[in-house]
1. Taking the criterion of being over 35 Å from the mean Cα position of the chain (by Cα), closer than 19 Å to residue 140 by Cβ and either away from the ligand (no atom under 15 Å from the Cβ) or touching a residue at least 60 places away in the same chain (Cβ under 8 Å) (or both), would at least one residue in region 306-314 satisfy it?
2. Taking the options 242, 194, 168, name whichever one is surrounded by 15 or more Cβ atoms within 10 Å (Cβ to Cβ) and more than 26 Å from residue 291 (Cβ to Cβ).
3. Filter region 325-340 down to the residues that are touching a residue at least 60 places away in the same chain (Cβ under 8 Å) and in contact with a helix residue (DSSP H, G or I) (Cβ under 6 Å, 6 or more places away or on another chain), then identify the one that is nearest to residue 200 (Cα to Cα).
4. Among (1) in contact (Cβ under 8 Å) with a residue 40 or more places away in the chain; (2) away from the ligand (no atom under 16 Å from the Cβ); (3) touching a helix residue (DSSP H, G or I) at 6+ places or on another chain (Cβ under 9 Å); (4) within 20 Å of residue 113 (Cβ to Cβ), which single condition is residue 299 missing?
5. Could you list, in sequence order, all residues of region 266-296 that are away from the ligand (no atom under 16 Å from the Cβ) and within 38 Å of the chain's Cα centre (by Cα)?
6. Given the options 223, 209, 258, name the one that is in the same structural domain as residue 125 (by TED's automatic domain parsing), in contact (Cβ under 8 Å) with a residue 24 or more places away in the chain, more than 33 Å from the chain's Cα centre (by Cα) and more than 19 Å from residue 186 (Cα to Cα).
7. Regarding region 73-86, can at least one residue be identified that is farther than 23 Å from residue 24 by Cα, out of contact with any strand residue (DSSP E or B) (no Cβ under 7 Å at 6 or more places or on another chain) and surrounded by 13 or more Cβ atoms within 10 Å (Cβ to Cβ)?
Ligand SMILES: [Zn+2]
């Protein structure tokens, strides 16, 4: 029969050498396990002993259990203390170690193109002029010579809050605001901003989009000044080899009115799939400011004249980056946006 004190000494020694809490658990099961633990096994055959011997053995076994339990808890707290003491070494943070690189965002492609347009025109002396996106009927239509009942109004199918108030359908109202504010020409402004029209989203149009318009009011301006400005702008944005052409058109706020095109950058004007074999790509509209529009802005058309142009920033970005669906600009798909 095993001697309880010898078994206790053996167990306490093993516990003292244990290096991990897993090892301690294993030792606890080995010695103190309820059925097959070595201490419980000391009691095997106790029924064959005399009552005095039984009492003595029971007492010795209980003492052995208590001693082993004490040794276990003592070693456990010792190991925990050691772990905490080592923590400063093993898990210390090296503040001089370089961190992982951060993902950086960048300016949206439409903002990039808008800023490029602004930079080019600011170099010609134009100033950026902003206006409200909610407009009155007068600024959005009447002041621009688009009178009520005029069939041209259908070109600007708009979102109305009330019969008088609407989301602006173009940035042209800013021209009127600018003339009223500046009062004395010369006026050279550009008007970047959001516009809204009741169009269903398609590859070429959206119910919301951005425009830039330019307005010049001065003495003796000619159509040559307008075309030269457009040519300078297009060549600055797309390259010196690009050409500009104008085609007669109609807008209520300019007279005469034109649409302007840029020569296709892929085929150089020879015709290809990208320009639908025309050699030219449509950009926007332009013309000499209608005298009535100048009058509505508080400018005397007998003394001053002007020219204006406008185009969509999305359209400009599509031409610049060869994008064939305008909706991509607003879908926030990083696979698309990260290309620019
Ligand atoms: Zn082409």
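The values are calculated or read from the model by the stated rules, or taken from the named source; none is laboratory data. Fair warning: this is a prediction, and the values are worked out from it, not measured in the lab. So basically every Cβ, Gly included, is an ideal-geometry build from the backbone, and we count neighbours across all protein chains shown.
1. Residues of region 306-314 that are over 35 Å from the mean Cα position of the chain (by Cα), as a first pass: 306-307.
Filter again for closer than 19 Å to residue 140 by Cβ, leaving none.
Looking for residues that are over 35 Å from the mean Cα position of the chain (by Cα), closer than 19 Å to residue 140 by Cβ and either away from the ligand (no atom under 15 Å from the Cβ) or touching a residue at least 60 places away in the same chain (Cβ under 8 Å) (or both), one finds none in region 306-314, hence no.
2. On the way: 194 fails: surrounded by 15 or more Cβ atoms within 10 Å (Cβ to Cβ); 168 fails: more than 26 Å from residue 291 (Cβ to Cβ).
That would be 242, the only listed residue that is surrounded by 15 or more Cβ atoms within 10 Å (Cβ to Cβ) and more than 26 Å from residue 291 (Cβ to Cβ).
3. 326
4. Every condition holds for residue 299 apart from (4).
5. First, the residues of region 266-296 that are away from the ligand (no atom under 16 Å from the Cβ): 284-296.
The answer is 284, 285, 286, 287.
6. Details: 223 fails: more than 19 Å from residue 186 (Cα to Cα); 209 fails: more than 33 Å from the chain's Cα centre (by Cα).
Of 223, 209, 258, the one residue that is in the same structural domain as residue 125 (by TED's automatic domain parsing), in contact (Cβ under 8 Å) with a residue 24 or more places away in the chain, more than 33 Å from the chain's Cα centre (by Cα) and more than 19 Å from residue 186 (Cα to Cα) is 258.
7. Residues of region 73-86 that are farther than 23 Å from residue 24 by Cα, as a first pass: none.
No, the conditions are met nowhere in region 73-86.
Residue by residue, here is whether (1) free of Cβ contacts under 8 Å to residues at least 12 places away in the same chain; (2) over 55 Å from the mean Cα position of the chain (by Cα) holds:
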{"position": "4", "(1), (2)": "no, yes"}
{"position": "9", "(1), (2)": "yes, yes"}
{"position": "12", "(1), (2)": "no, yes"}
{"position": "15", "(1), (2)": "no, yes"}
{"position": "35", "(1), (2)": "yes, yes"}
{"position": "67", "(1), (2)": "no, yes"}
{"position": "73", "(1), (2)": "yes, yes"}
{"position": "94", "(1), (2)": "yes, no"}
